[in-house]
Each structure stands twice: as structure tokens, then as C-alpha cells.
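Remarks on the structure that follows.
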Amino acid sequence: MITGKPIAVQSVPTEKNDWQHQLTEMIQDLSALLDACGLSEPPAPLANMLAVGFPVRTTRHFASLITPGDWHDPLLQQILPWATEQVDVPGFSADPLQEREASPLPGLIHKYRSRVLLVPTGSCAIHCRYCFRRHFPYEGHRMGAKERAAILDYLSAHPEVNEVIFSGGDPLMLNDRSMQNWLTSLAGISSLTTVRFHSRLPIVLPDRLTPEFQRLLTSTRLQTVLVLHSNHAQELPEVLAQPLNALRAAGVILLNQAVLLRGVNDNLMTQAELSQRLMQLGVLPYYLHQLDSVSGAAHFAVSDNEALLLHNQMKEQLAGYLVPRLVQEIPDRPSKTWLP
């Protein structure tokens, strides 16, 4: 259990801290990942990368948080492709949330009445093996000037929409100029009040949270929400404290969503440590998601009964504001579904 002391682990310093330079040094194949983590003989078969069609990708910062030589490290489990990914499991599909049916325009998903999802990029700095968009047809959602204009027209014609949620890929892969253009354009639509970013980048590439980025997030009249995606306290070293504190001081609302993953965070101690560490960093635990049933990720699944038991244990041990909502996303429903 975390007792209030910061996590000691730090990222490996790089010669250049510019976040875009660090992207050029990402680990992008299985052998490089194994070398970076000091791994040799696997305890079980690894995936055939040509067969799974979802390449390995992570930042050197995230790899530095993995315990060297530990095949069972919870961070490693999120990015390491086991052969179980190649097994077809009934109920798991390429489009578990049926997002293609909810996409009126390239780059736009409109499932819930008052908010839309914007997918401005398919790029990401990490390929989480449980990603529900690992099979998403990003090639059909490329965002050019024509597509961007069509989305802005759509939002102007749908005044019931008051929130735009940037997703991806990872929206923080956009450079600051592109981000500023989007925010300025969205602020010009009077019916919009809130812009939300869902991102793994602050976790895997903390240097993305530059002072310039902070300023552009608060440069318009729109309320800004940043939802981090952290699944384990080991992902939250002290290097995150200063940039997150600066964002919070500037008025950005900071939340976290996690995915419940077998072998990663499916126990009370790990969930309690995550919630407490998030609170130390000024981030409110928001959602704990049941796994979306995407093909290739069935080995991460935790049953609803197990999830409910764990969530009840969290409610018994933690203050209410430290207990994230246990939710599942089910197609054709007007909002996320709370369990039970």
C-alpha cells in the first residue's frame, strides 16, 4: 500500500528532451523491446508479429519503468505480444464497439447525444495489446483540410453537442500548431462548452506536457479536461508531478481512466496503490473499464463477477473519491453502462 511517499522510479534521461525527438527513438519491434528490458528465454510462446498484424511500439521512457529481466512485470504485460493473441475467441471481434456504424464523417464518431469523438490522428507512442482500436481502419479516417471543415460544419449543425472528445490513436501526437488550430475553430462554435483529451502520452512521454502545450490548452473559452490513461502506479513516477501540477493550476481538469486487466491490475492492492498515487499527483480516478472484447486481447479479460468483487473491496478500503466508476461500453446504449 502506498503511504504517501512518491514512487522512486524515474525515467532514463535522454540527450534531447524534445518530445518529438524522443518519438524518433521509439522501440518499434519485438527484439528491440526484449533487449531494452533485459529479457531472454520467454516462459511461454510469443506472438508471430506478421500473424497478429499489430506491431510492437513503446517509448524508451515507458520501457525504463519496466523491471529488467521480469517477464511478469505489469507494464511489460501491456505491450508484450504473447502467442495467445493469435487465438480466435468467441465474442471477441475487430470492432467490439461498432464504431464504424456510428461514424457520420471520416474522423468523427457520434454515439452519445451531447458529445462527439474526434479522431484527428491514428498515431500513438505506445501499442497497448488490449487496445480496442487495434483493428480500427485509420486509413479511412485521414484528416485533411476537407475532412476538418466537414466536421466543423457538422458540429455547427448539431447544437445538441456541447463537448468534443479528442481520441485516437493519441491526440497529443498532434503538434502544437495543429492543436491550436483545432481549439480555435471549436471555440468559434457557440454550442460547444467543453473539450476533452483522452491520452496515454503523458504516461509514456511526459515531456509532451510542455509549458507551451499547457498554454494552448487554456487559450480559448472552452473548459479543458485531460483524461490520462494509467493502469498501474508504476507508470506514475515523480517526473509527472510538476507538469500535472502546472496544468491543474491553469484550470485543466485532470482525470484518469484505467482498464481492468488480468495479470496487470486485477487485485485490490494494485488498484488501491493506483488510486492513491493518482491523488498524490492531483488526478481524480474516473473510470475503471471492463475490457472491450477486441480480437487478440481475450487473455486480459476479467469476469464481471471478479470485477464487481474487486470494486466492492475498493469501496470498503478507499475513500469514495478514490474509487473509480466500474463501467463497460456496450454498443447502441446512450451512455457507458455502470456495473452492476
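The values are calculated or read from the model by the stated rules, or taken from the named source; none is laboratory data. Please read all numbers here as calculations on a predicted model, not as lab measurements. We place every Cβ from the backbone using ideal geometry, glycine too, and count neighbours over all the protein chains shown.
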Can you tell me how many residues within the stretch 143-157 are surrounded by 13 or more Cβ atoms within 10 Å (Cβ to Cβ) and not in a helix (DSSP H, G or I)?
1
Count, please, the residues in the stretch 134-167 that happen to be of a type outside the set (A, V, I, L, M, F, W, C), within 21 Å of Leu255 (Cα to Cα) and within 14 Å of the chain's Cα centre (by Cα).
1
If you go through the stretch 166-185 one residue at a time, do you hit one that is assigned by TED's automatic domain parsing to the domain that holds Val225, in a strand (DSSP E or B) and either crowded, with 16+ Cβ neighbours inside 10 Å or free of Cβ contacts under 8 Å to residues at least 40 places away in the same chain (or both)?
yes
Quick check: is even one residue across the stretch 150-157 free of Cβ contacts under 8 Å to residues at least 12 places away in the same chain and of a type in the set (Gly, Ala, Ser)?
yes
Would you check which residues across the stretch 202-222 are under 15 Å from His21 (Cβ atoms) and either among the hydroxyl-bearing types (Ser, Thr, Tyr) or free of Cβ contacts under 8 Å to residues at least 40 places away in the same chain (or both) and list them?
Thr210
Would the stretch 171-191 turn up any residue that is within 30 Å of Gln77 (Cβ to Cβ), at pLDDT 95 or above and touching an Asp or Glu at 6+ places or on another chain (Cβ under 9 Å)?
no
Residues satisfying the stated conditions in the stretch 262-280, i.e. in a loop (DSSP other than H, G, I, E, B) and either surrounded by 21 or more Cβ atoms within 10 Å (Cβ to Cβ) or polar (S, T, N, Q) (or both)
Val264, Asn265, Asn267
Test for Ser295: is it in contact with a helix residue (DSSP H, G or I) (Cβ under 7 Å, 6 or more places away or on another chain) and of a type in the set (Gly, Ala, Ser)
no
Given Leu254, Leu278, Leu261, which one is closer than 25 Å to Asn181 by Cβ and under 18 Å from the mean Cα position of the chain (by Cα)?
Leu254
For Glu160, are the conditions met, namely being touching a Gly at 6+ places or on another chain (Cβ under 6 Å), surrounded by fewer than 17 Cβ atoms within 10 Å (Cβ to Cβ) and farther than 25 Å from Leu261 by Cα?
no
May I ask you to verify whether Leu310 is under 16 Å from the mean Cα position of the chain (by Cα), in a helix (DSSP H, G or I) and aliphatic (A, V, I, L, M)?
no
Would you tally the residues in the stretch 80-107 being surrounded by fewer than 21 Cβ atoms within 10 Å (Cβ to Cβ) and not in a loop (DSSP other than H, G, I, E, B)?
9
Out of all the residues in the stretch 228-259, which are touching a strand residue (DSSP E or B) at 6+ places or on another chain (Cβ under 6 Å), touching a residue at least 60 places away in the same chain (Cβ under 8 Å) and surrounded by fewer than 22 Cβ atoms within 10 Å (Cβ to Cβ)?
Gln257
The stretch 312-339 - residue that is of a type in the set (D, E, K, R) and in contact with an Asp or Glu (Cβ under 8 Å, 6 or more places away or on another chain) and, of those, surrounded by the most Cβ atoms within 10 Å (Cβ to Cβ)
Glu329
Some residue of the stretch 88-108 being in contact (Cβ under 8 Å) with a residue 40 or more places away in the chain, farther than 11 Å from Val294 by Cα and of a type in the set (Val, Ile, Thr)
no
So in the stretch 96-120, with the set limited to residues that are among the charged types (D, E, K, R) and touching a strand residue (DSSP E or B) at 6+ places or on another chain (Cβ under 8 Å), which one is nearest to Thr337 (Cα to Cα)?
Lys111
